[in-house]
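The values are calculated or read from the model by the stated rules, or taken from the named source; none is laboratory data. Computed from a predicted structure; not experimentally measured. Neighbour counts run over all protein chains shown; Cβ positions are idealised from the backbone, glycine included. We work out accessible area using only protein heavy atoms, side chains counted, and drop any ligands, DNA or RNA first. Shrake-Rupley method; radii C 1.70, N 1.55, O 1.52, S 1.80 Å.
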Amino acid sequence: MSHKIQTLGEFIIENQDSFKYSSGELSRLINSIRLAAKVVNHEVNKAGLVDVIGAYGETNIQGEDQQKLDVYANDKFIQTLTKRNIVCGIASEEEDSFITINSQDEKNQNKYVVLIDPLDGSSNIDVNVSVGTIFSIYRRITPVGTPVQLADFLQRGSEQVAAGYVVYGTSTMLVYTTGAGVNGFTLNPAIGTFYLSHPKMQFPEDGTIYSVNEGNYFDFPEGIKKYIKYCQEEEDDRPYTSRYIGSLVSDFHRNMIKGGIYLYPKGSRNPSGKLRLLYECNPIAFIAEQANGKSSDGYTRTLEVVPTALHQRVPFICGSKNMVDTVEAFMQKFGE
Ligand code: AHG
Ligand code: MN
Ligand code: MN
């Protein structure tokens with residue numbers, strides 16, 4: 001039986017009609033992210049050569065200053081989205097405030113804003129471990145043709161129209177949703193094309209992996225401590241195993257495929273949790289729900305949290321449905 005291999009470009013075009021809003025604009029937006037991801041991937045792959053060809057802070061061959069990779073990734077995504085004039089605003093982990101695009105231009109009829117973590121897990125770069133990019137897309141709520149406002153970015157996660165991530169791993173993959181399931185595309189680096197490799201991704205309902213920075217154990221709420229002990233106990237032959245990369249994207253990606261849960265609770269060092277609601281937790285939560293998983297802060301669905309600031313942090317518990325249900329039950333029972 002012959003089986004047609006679909007590229008990301010073909011997939012975007014073939015599926016754009018299933019999107020309820022103006023689809024051409026969103027397609028162009030996903031296409032731009034695809035392009036920037038390839039450029040960043042190329043640079044991430046060279047990261048190990050930095051010591052050989054010149055350390056950060058020195059000048060590169062074009063006479064430009066070498067940049068840290070998270071700054072590089074930030075610039076590339078912003079440049080790509082700005083130059084092609086397809087969004088009206090961008091918020092990024094690397095920028096204090098949001099960026100308004102072409103606010104003076106009445107012809108800027110763009111309806112979408114993007115929120116982005118350009119390089120997630122950046123502390124892993126020096127040691128050749130997977131990193132990622134996370135993005136979240138909303139329709140603006142203020143009138144088209146006017147400068148974007150903070151309110152356009154502070155929408156609840158349930159209002160997202162699309163979200164995705166790129167994982168720069170042993171293979172580079174782009175995984176995204178427009179609210180009709182989750183699909184994963186793997187980059188063939190030889191020809192620079194993403195192919196549909198993981199159609200309709202789904203979390204197993206239950207899993208065996210728990211991912212948490214156990215170095216913070218004594219800082220965790222009682223409910224989380226009890227849950228970790230529950231995973232570790234031998235009673236009833238509990239099957240759990242611990243895996244923690246320290247790159248949210250990579251930890252989440254593995255857990256979605258194999259079944260598992262990711263936890264970044266609050267603690268005295270991180271009183272609201274560490275991860276950022278708007279460009280880390282919400283996009284990942286949207287993907288999780290679209291893949292039959294679940295995401296919560298321990299009590300409330302992540303996508304229902306009302307944002308109050310661009311760089312707001314929240315506790316984040318995300319993964320296989322039954323596992324997140326169990327953590328919520330532990331939080332109810334044992335609390336903070
Ligand atoms: P970033 O590199 O964008 O700042 O994000 C790092 C995040 C996330 O990717 C990861 O899961 C978490 O921080 C790890 O934190 P700890 O080192 O505290 O475990
Ligand atoms: Mn991050
Ligand atoms: Mn980052």
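Sorting 292-299, 229-236 by their mean Cβ neighbour count within 10 Å, with the most densely packed peptide first, gives 292-299, 229-236. Ordered by solvent-accessible area of protein heavy atoms (1.4 Å probe), largest first, the residues Glu214, Glu336, Glu205 come out as Glu336, Glu205, Glu214. Computed extension length for Asp75-Lys200: 41.9 nm, one decimal, from 0.36 nm per residue of separation with the Cα-Cα distance subtracted. Straight-line reach from Lys321: taking Cα to Cα under 25 Å and skipping same-chain neighbours fewer than 8 places apart, the lysines in range are Lys200, Lys225, Lys226, Lys229, Lys258, Lys266, Lys274, Lys294, Lys333. To the nearest ten degrees, helix 248-258 and the longest principal axis of the Cα atoms of the chain are 60 degrees apart. In this simple spin-label approximation, Ala309 and Asn270 carry label points 7 Å from Cα along the Cα→Cβ vector, and these lie 1.6 nm apart. As a fraction of the 1.4 Å probe accessible area of the chain, surface on carbon and sulfur atoms comes out at 48 percent.
Global size of the chain: 20.0, 66 Å for Rg and Dmax (C-alpha atoms, Rg to one decimal, Dmax whole). Extension gain, Asn102 to Thr300: 0.36 nm times the residue separation minus the Cα-Cα distance gives 67.6 nm. Annotation for Lys46 and Glu336: the two label points, set 7 Å from Cα along the Cα-Cβ direction, are 4.9 nm apart.
Helix-only arithmetic for the chain: the sum of -39500 (n - 2.57) across DSSP H runs with n ≥ 4, divided by the residue total, places the mean residue ellipticity at 222 nm at -9000 deg cm²/dmol.
You can think of it this way: the chain between Lys83 and Glu235 has 48.9 nm of extra reach, that is 0.36 nm per residue less the Cα-Cα gap. Using the 1.4 Å probe convention, the accessible area of the chain works out to 46 Å² per residue with neighbouring protein chains retained.
Taken along the Cα-to-beta-carbon direction at a fixed 7 Å, the label points for Asp219 and Ser18 span 4.2 nm.
Do you know the Lys pair count in region 8-198 for C-alpha distances under 15 Å, with sequence separation 8 or more or different chains?
So the count of such lysine pairs works out to 6.
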